[in-house]
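The values are calculated or read from the model by the stated rules, or taken from the named source; none is laboratory data. Treat the numbers as computed from the prediction; the structure is a model and nothing was measured. In this analysis, Cβ positions are derived from the backbone assuming ideal geometry, glycine residues included, and neighbour counts consider all displayed protein chains. Surface areas here come from the heavy atoms of the whole protein model, side chains and all, with no ligands, DNA or RNA. Shrake-Rupley method; radii C 1.70, N 1.55, O 1.52, S 1.80 Å.
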Amino acid sequence: QSNVNISNLVIDGTKAEDALNIVSSEFAISNSQIKNTRSDALDSDFATGIISDSIFSNIGGDAIDFSGGSNKVHDVKIINVRDKGVSAGEGSVVSLSNLSISKVGVGIATKDGSNVNANNLDIRDYRLHAVMSYMKKDFYGSPAISIKRITQNGPDPFSRQNGSNMTVDGQEILEKNFSVKALYDSEIMRK
């Protein structure tokens, strides 16, 4: 519950659980870098904010992890991330625009009642999928993601679990049946 504006900040070499954790606050982050972290770079818990003109690189967990809140991310580069570039969970509302994401496990994941609107994405060199929607905690309800204009360069870019929602340029992506437990037991998403 401490509102904060962050600009021209570099966080490098963090060994903590999160390089930066913002909880129940309003925030703005611009022209900043978080790099070489052992776990998540930015963890936003029930906060509201804007992340712009920033770089996340060499991240051992998720680059940007939202749990609840309403957030915007624009003009951001995400490079070399073990897990997810952007993760939206626990009823988050997230707007993404002009993102460049490369060398990640998953580019963008929406889960557990979250709603993501994305525009102008470039997601390359992902190991699992460019975009995923699924339910990890059933009591939050169905997540949704709507994407306009995406460039991606790998196989099987979109994965929509049964009961979730995903559209790309107005076209609904076909649903798949997969185990979320197996997903989180995999090398890519194991915590």
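Structure notes:
- Computed 3J(HN,Hα) for region 38-53, one whole-Hz value per residue from the Karplus formula 6.51 cos²θ - 1.76 cosθ + 1.60 where θ = phi - 60°, is 6, 10, 5, 7, 10, 10, 10, 10, 6, 10, 10, x, 10, 10, 9, 6, glycine and proline marked x.
- Between the residues Gly113, Ile147, Ser95, the greatest Cα displacement towards the positive end of the dipole of the chain, with unit charges on the Cβ of Lys, Arg, Asp and Glu, is found for Ile147.
- Amide hydrogen neighbours beyond the local backbone of Ser30, cut-off 5 Å, H modeled: Ile6, Ser7, Asn8, Ser52
- Residues of the chain: accessible area per residue with a 1.4 Å probe, Å²: 45 Å²
- When only alpha carbons are used to place a centre, region 100-135 and region 143-185 end up 8 Å from one another.
- Charging the Cβ of each Asp and Glu at -1 and of each Lys and Arg at +1, and nothing else, the dipole of region 48-174 about its Cα centre rounds to 120 debye.
- Its Cα centre serving as origin, region 1-123 has a Cβ charge dipole (Lys and Arg +1, Asp and Glu -1) of approximately 320 debye.
- Amide proton proximity set for Asn21, modelled H, under 5 Å, gap of 5+: Asp43
- Here the Karplus relation 6.51 cos²θ - 1.76 cosθ + 1.60, evaluated at θ = phi - 60°, turns the backbone of region 66-74 into coupling constants of 9, 10, x, x, 10, 9, 10, 10, 9 Hz, with x for every Gly and Pro.
- Apportionment of accessible area to carbon and sulfur, region 26-169, percent (1.4 Å): 45 percent
- Long pairs among Lys103/Lys176; Lys15/Lys148; Lys35/Lys137; Lys35/Lys176, criterion Cα-Cα beyond 28 Å: Lys15/Lys148; Lys35/Lys137; Lys35/Lys176
- Under a 5 Å amide H cut-off, with hydrogens placed 1.01 Å from N, Ser114 pairs with Glu90, Gly91, Ser92, Ala144 among residues at least 5 apart or on other chains.
- Evaluating 6.51 cos²θ - 1.76 cosθ + 1.60 at θ = phi - 60° for every residue in region 133-146, the Karplus couplings come out as 9, 6, 10, 9, 10, 4, 5, 7, x, 7, x, 9, 9, 10 Hz, glycine and proline recorded as x.
- In region 1-63, a dipole from Cβ-located charges (positive for Lys and Arg, negative for Asp and Glu) runs towards its positive end, and of Ile6, Asn58, Leu42 it is Asn58 whose Cα lies farthest in that direction.
- Selected from Pro157, Gly170, Met135, residue furthest toward positive end of dipole (region 120-172; charges at beta carbon): Met135
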